[in-house]
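The values are calculated or read from the model by the stated rules, or taken from the named source; none is laboratory data. Small disclaimer: the values here were computed from a predicted structure and weren't measured. Cβ sites come from the backbone with ideal geometry, for glycine too, and all protein chains shown count toward neighbours.
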Amino acid sequence: MQKQLIYYLTIVVLFISCTGEVNREELLGYVADTDNGLIQEKLLNGITYKLTYKPSDLLVWQTVRQKEKIEEQELQQQRTNFDHLYFTLSVSAGGKEVLNAFGGDKQKFGQLVDQLAFGMQDLVTLTNSAADTLQMMDAHFARTYGAARSSDVLLVFDKGLFHKNDQLKFTIEDFGLRTGRIIFRFETNDIINTPNIDFNKLNN
């Protein structure tokens, strides 16, 4: 299985280097390849934090995927609508949603749900190398009621202070999991170099 994954990712890299555009599955594979710097993970006190850059073209794809064809003007409008920075924060314990670890403690469980659903703007800070803070525009917690491998929050940031040849610093405060402050760093060039989806291949 591992050899097949390595082979697939190699094909994706070769294809991207030739075309500059990919289909949705190839873009997901590109993001999942840790060599591309778009996904990071830390394990502390039995809790796994994973932070993944989510290319905005994936959100555009969700909006237009039912169409047989999309005109260039509409595509550019959709890309403008989603012209923000998106990251998915995934928190898990033992390969399951972190909330599952506290299912027997109703008070703790409720506190964690509130933090994930409503507290991210107070708990997560994104800064550039000049220590300027990128504004968090939204945070969406996906409730899956124990059916997922992690508790996920989609974080949305304004790109006004996002520059090439820079580094972004994510700071995540401890929200009751006894892991302390968590820090992730992303190179902005890795984000800028992420390929776009070829929307002429909507059905691929």
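Structure above, values below:
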quantity	calculated
Some residue of segment 7-19 being of a type outside the set (D, E), at pLDDT below 95 and in a loop (DSSP other than H, G, I, E, B)	no
Residue count for segment 81-106, restricted to those that are under 21 Å from A139 (Cα atoms) and either in contact with a Cys (Cβ under 6 Å, 6 or more places away or on another chain) or aromatic (F, W, Y) (or both)	3
Where a residue in segment 73-92 is of a type in the set (V, I, T) and its partner, wherever it lies, is assigned to a helix (DSSP H, G or I), with Cβ under 7 Å and at least six apart	V91/V98
Options E97, E173: the member that is surrounded by fewer than 18 Cβ atoms within 10 Å (Cβ to Cβ) and at negative phi	E173
Subset of segment 47-71 that is modelled with pLDDT under 95 and polar (S, T, N, Q) - its residue that is nearest to G95 (Cα to Cα)	Q62
Unique residue being closer than 20 Å to K169 by Cβ, of a type in the set (G, A, S), surrounded by fewer than 17 Cβ atoms within 10 Å (Cβ to Cβ) and free of Cβ contacts under 8 Å to residues at least 24 places away in the same chain when the list is A131, A139	A131
Which numbered condition L59 misses (of (1) under 16 Å from L154 (Cα atoms); (2) buried (at least 17 other Cβ atoms within 10 Å of the Cβ); (3) in contact (Cβ under 8 Å) with a residue 60 or more places away in the chain; (4) of a type outside the set (D, E))	(3)
Candidate set: segment 26-46, residues that are in a strand (DSSP E or B) and without any contact (Cβ under 8 Å) to a residue 40 or more places away in the chain; chosen: the one farthest from V91 (Cα to Cα)	I39
